[in-house]
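Enquirer: There's a structure below that I have some questions on.
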Amino acid sequence: MTSVEISLFDYASATDTDLAESYDVTMTVANDDYPGEPRPTLDQYAQMARRPAGFWGPVRRWVAREDGHIVATGSATYPEHENRHGTITGVAVRPDRRRRGIGTALLRAMLPDLRIDGRTVVIGYGLKADAAGELWARELGFVRTQANARQVLTIADVDPALWERPVADGFRLEHWTGAVPEALLAEYARARTAIQDAPQGDSTLAFPEWTPERVRAEEADMLARRSEVHVIAAVHEADGRVAGFTELELVATRTDAAFQLDTAVAAEFRGHGLGLAVKGAMMRWLTAEHPGIGTVFSSNAADNTHMIRVNHTLGYVTKAVMADVELDAAELVKRLDAQDAQDAD
C-alpha cells in the first residue's frame, strides 16, 4: 500500500488549494462514472460542501493526501429518526490512484466514527453499479441491497408537448413553494406516506413516517440548507384529499440544474394518470419560471417500472444503474483486521 496521510477535513476553513484539490477528486470520479453530465463549478461545490448537514443528516468529512496533495475524500452521514442504525459512507479515490490501498486505508481511518451512537450498519449509497466503487466495496464484503435507475431530463432535447398532461376530472392541481398551506398539511402528510409503497429491495434504510410536525420540520431544514422545494399536488375535489404529489428541489448553488425528489400517488387514487399530471405541470412551471435550468436529475428503484415509465414518457433518459450496498459494521472491522494481518505476513 502506498503511504498516505489521512485527516478530518473542514470545508469551512479549508484553503483554496485544498478546496480545489477535493473538487478535482470529486469531479474526476463523477466524470469517470457519469461522463457528459453537467457539473457544479468550484464555487458551487464549495458552498454545498460547507453545509454541516445533508439530506439524510449531519456529515463529517475526511481526505487522504499523497505527497501533500488530496487524492481521495471520505464522508460519513448520520441519518436521524428511523435510520439511526446506519451510517451512510462515501469514499472517492482519483481513478489514477486506485488499486493502491488508499480507499481501504481511508475507510479504516473512518471506522470509529462510522459506529458512533451505537450505529451497526455501514451503507454505501448511490454507487455506479458494477463500476470501480461497487466492485471495491464487494471485495470488502459489502452486499448490494438495491439497484436504482439514474435518470436525466435534458430540457433542450425534449418536446414540451410531452408535458401537456391534463389532470383527470374530479381533481385540481395545487402548487406551493416551501411550506404546505395549513389547510392541506394533514392531508399532505398522509399522502407522503404513499412513498412507502415504492420498491426498497433489501435496504435497511426505512422511508420516513410522515406527520404534520415532521413535514414542518423538514421544511425548516430545507430552508436552512438554502434549498427551495416546489410541490404540485393533485387534490380530490369531492373530499379535499391530497391524492398525489411531486416535489422538485432547486438549490441556491446550482442555477443550472433541478433535482426531482419524491413523487407518489395514494393507492386509492392510482389509475387516473395523476403522476403524469403533476410531473408534467411541474415541468411546465419550471421551464416558464427558470429558463436557465437545463437539466433535471432523478432516480428510482430499478424495479419501480411504473415510475421509470412515467419519467420516460416525460422525456427522461435512463443514464445508468446505481447500487446501494451494506455491511454489518462489526463484520467490516473483522474483515479489515484480517486484511491487515494478511498484509503483515
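Enquirer: In whole Hz, with x marking every Gly and Pro, tabulate ³J(HN,Hα) for region 232-241 from phi via Karplus 6.51 cos²θ - 1.76 cosθ + 1.60, θ = phi - 60°.
Expert: Whole-Hz 3J(HN,Hα) from phi for region 232-241: 10, 10, 9, 10, 6, 4, 5, 9, x, 6.
Enquirer: While we're here: To test your reading of the geometry: what angle, between 0 and 90 degrees and rounded to tens, separates the Cα axis of helix 329-344 from the longest principal axis of the chain?
Expert: Roughly 30 degrees, rounded to the nearest 10.
Enquirer: Right, another one. May I ask what percent, to the nearest 5, of DSSP beta bridges between residues of the chain are antiparallel?
Expert: Antiparallel bridges make up about 90 percent of those DSSP assigns within the chain.
Enquirer: Starting from the Cα of LYS319, draw a straight line to each of the lysines and keep only those under 29 Å, dropping any in the same chain fewer than 8 residues away.
Expert: LYS128, LYS279
Enquirer: Apply the a/c threshold of 1.5 to the C-alpha gyration tensor of region 1-155 and tell me whether it is rounded, prolate or oblate.
Expert: rounded
Enquirer: Can I ask one more? Taking the 0 to 90 degree range and rounding to the nearest ten, how far is the long axis of helix 274-289 tilted relative to the main principal axis of the chain, both from C-alpha atoms?
Expert: Approximately 80 degrees, to the nearest ten.
Enquirer: Normalising by the residue count of the chain, find the relative contact order in percent from Cα pairs under 8 Å and 6+ residues apart.
Expert: 22
Enquirer: Using a/c under 1.5 as the rounded threshold, could you call region 159-314 rounded, prolate or oblate? The axes a ≥ b ≥ c are square roots of the C-alpha gyration tensor eigenvalues, and prolate needs a/b larger than b/c, oblate otherwise.
Expert: Judged from the Cα gyration tensor, region 159-314 comes out rounded (a/c under 1.5).
Enquirer: Take the Cβ-Cβ distance between GLU182 and ALA161 as r, set R0 to 45 Å, and report the resulting FRET efficiency rounded to the nearest 0.05.
Expert: According to the calculation, E is roughly 0.80.
Enquirer: Loop-only GluC sites (Glu not before Pro) in region 1-102, please: DSSP not H, G, I, E or B, and at most 16 other Cβ atoms within 10 Å.
Expert: In loop regions of region 1-102 (DSSP not H, G, I, E or B), the sparsely surrounded GluC sites (Glu not before Pro) are GLU80.
Enquirer: Between VAL231, VAL167, PHE207, whose Cα lies farthest towards the positive end of the dipole of region 166-234 when Lys and Arg beta carbons carry +1 and Asp and Glu beta carbons carry -1, centred on the Cα centre?
Expert: Looking along the dipole axis, the top candidate is VAL231.
Enquirer: So if the hydrodynamic radius of the chain is defined as the Kirkwood radius over C-alpha pairs, what does Stokes-Einstein give as its diffusion coefficient at 20 °C and 1.002 mPa s, in µm² per second?
Expert: Translational diffusion coefficient: 100 µm²/s.
Enquirer: Apply the Karplus curve 6.51 cos²θ - 1.76 cosθ + 1.60, θ = phi - 60°, to the phi angles in region 52-65 and return the couplings in whole Hz, x for Gly and Pro.
Expert: x, 9, x, 4, 7, x, x, 10, 10, 9, 9, 9, 10, 10
Enquirer: Trypsin sites (Lys or Arg not before Pro) within region 8-61: which are DSSP loop residues with at most 14 other Cβ atoms inside 10 Å?
Expert: ARG50
Enquirer: On to the next question. Relative to the longest principal Cα axis of the chain, at what angle does helix 212-224 sit, 0 to 90 degrees, rounded to 10?
Expert: The angle comes out at about 60 degrees.
Enquirer: Also: Sort LYS128, LYS279, LYS334, LYS319 so the one with the fewest other Cβ atoms within 10 Å of its own Cβ comes first.
Expert: Fewest to most other Cβ atoms nearby, the residues stand as LYS334, LYS319, LYS128, LYS279.
Enquirer: Please state the relative contact order of region 1-79 as a whole percent: Cα pairs under 8 Å, 6+ residues apart?
Expert: RCO, region 1-79: 41 percent.
Coordinate-derived values only; no laboratory data. All of these numbers come straight from a predicted model, not from anything done at the bench. All Cβ positions, even for glycine, are placed from backbone atoms using ideal geometry, and neighbour counts span all protein chains on display.
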